[in-house]
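Colleague: Got a structure for you, questions after.
Readers should treat all values here as calculations from the given coordinates under stated rules, not as data from a laboratory. Worth saying up front: this structure is predicted, and the values here are computed from it rather than measured. Please note: Cβ atoms are built from the backbone with ideal geometry, for glycine as well, and neighbour counts cover all protein chains shown.
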C-alpha cells in the first residue's frame, strides 16, 4: 500500500513538473521562422541544434538562429520586428525588445512604437531603435551599419567613439574641385585647402552616444567611427534583402500600416532618447 502511494506521488509530481516546464517554456515565445532556404538551424538554451526545414518554426528567448553557406532565413518577432539573415549569419533572441547580432549580414525592419525603445546589441555597439530599417554587417571585412530610414541611437560598450563625419567635407570638396577646374585660380585653391583643414578638425567628435540619420552608413574600427552618405553597395544590399523577403516583407508592411497610422494620429512624445 505504501509502495503504491509512493508511486502515485512520484507520477503526480512528474506530471506537475512537466506541465510547469511546458508552461514556463511556452511563456518565452518570441516569434517564428516564416521562411528558410538552405542550411538553417536553431541552437536552444541547452545547446541542442534543431534544423529548420519548413516555415512556422517557433523562436523563443535564448534561441540562436544560424544560417550556413547558402542559407537564408526570415523571422517575424512578436514585438514588431522582421529580420532577414543572409548566409553565414547568427542572431540571438533575447527578452522582448532585445536582439543580439552575433555575426554576418542581417536586415532588420521595425514597426514604429512609442511604448519602449527596442535594442539590437552587436559586438561593437548597442543600437536603440523605434521604427526603422537597417542592415548590420559584422564579418572579416567590416563592421558597419547602413540605415535606410528612421533613426538609430548608437551607444558604445566602452570608451567614447572617435566619430569622423566626412560626408559633408566630401560634398564640399566635390563642389570646390569643380569650381577650381572651371576657374583655375590660385586664391580659390588656397581657400579650399584652408577650409578643408578646418572641416577636418570640426567634424571629429568624441561621444559615447550619438544619433545616426537615415541614408547613411557608419563603419567601426575599434573606437573609431566613420560616417558617410549611403553608397551604391549598401543600396544594392537593401534591394537584395527585399528581394529575398518578397511578399513576406510587403505583408509585414501592410500589417504595420494601421498601427503606424494610429501612432501618427497620437500626440508626439518626447524623443529624448535620441538627444
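Colleague: Report the extension gain between residue 37 and residue 233 in nm, rounded to one decimal, defined as 0.36 nm multiplied by the number of residues separating them, less their alpha carbon distance.
Modeller: Full-extension gain reported as 68.2 nm.
Colleague: So, in Å, what gap is there between the alpha-carbon centers of the range 70-87 and the range 206-237?
Modeller: 22 Å
Colleague: Something else: Hey, with R₀ at 45 Å, roughly what FRET efficiency would residue 162 and residue 69 work out to, going by the Cβ-Cβ distance, to 0.05?
Modeller: Taking R0 as 45 Å, the efficiency between residue 162 and residue 69 is 0.80.
Colleague: If you wrap a convex hull around the alpha carbons of the range 21-108, what volume per residue comes out, as a whole number of Å³?
Modeller: Dividing the Cα hull volume of the range 21-108 by its residue count gives 83 Å³.
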